[in-house]
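A short worksheet on the structure shown next.
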Amino acid sequence: MSIRLNNAYVLVRYNNDRARLNQAKSYDEKVKHLKKPYQENQLVLYRNFHQPGVNELSKFMPNWSGPYKILGIINNSTVMLNLPDTYNSKLVNVNYIKPYYTREDKLKGIKRIVLDNSKT
């Protein structure tokens, strides 16, 4: 009896390890990692999340708000943003932000906007 339980335990451990590796592989294929790292003081747009039923015209609301300044970079997938009055700062996943470009930058050639506070 104990040999059968031991064999079942080994099989369960093997299947759990294999499932964990498959889930990690699937997650790594779908997740957005920083290919072009963001910089501190860079301006970005933040994704708006519309709640159904709260506002009947939510499909006409803008999908992005901002620009907001990046206060700090926590790791490859998280940044700290300076958001409006309700928050002083908020940790945000990079899946919910995108770089902010001015119209002039789009016409000249795309480049990132970085605020330099050292001159003030």
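Bear in mind these aren't lab numbers, they're just calculated from the coordinates by the rules spelled out. Here the structure is a predicted model, which is why all the values come from computation and not from measurement. Heads up, the Cβs are rebuilt from the backbone with ideal geometry, glycines too, and the neighbour counts pull from every protein chain shown.
Would you mind putting 64-71, 13-20 in packing order, based on average other-beta-carbon counts within 10 Å, highest first? Walk me through the intermediate numbers first.
Values: 64-71: 17.4, 13-20: 10.0.
Peptide ranking by packing, descending: 64-71, 13-20.
In nm, what is the difference between 0.36 nm times the number of residues separating residue 71 and residue 90 and their Cα-Cα distance? Working shown, then result.
On the way: separation 19, 0.36 × 19 = 6.84 nm, distance 0.93 nm.
Taking 0.36 nm per residue and subtracting the Cα distance, the gain is 5.9 nm.
Take 104, 40 and order them by how many other Cβ atoms sit within 10 Å, fewest up front.
Values: 104 7, 40 14.
With the sparsest Cβ surroundings first, the list reads 104, 40.
If packing is taken as the average number of other Cβ atoms within 10 Å across a peptide's residues, how do 3-11, 76-84 rank, most packed first?
Working: 3-11: 9.3, 76-84: 15.7.
So the peptides 3-11, 76-84, ranked by packing, come out 76-84, 3-11.
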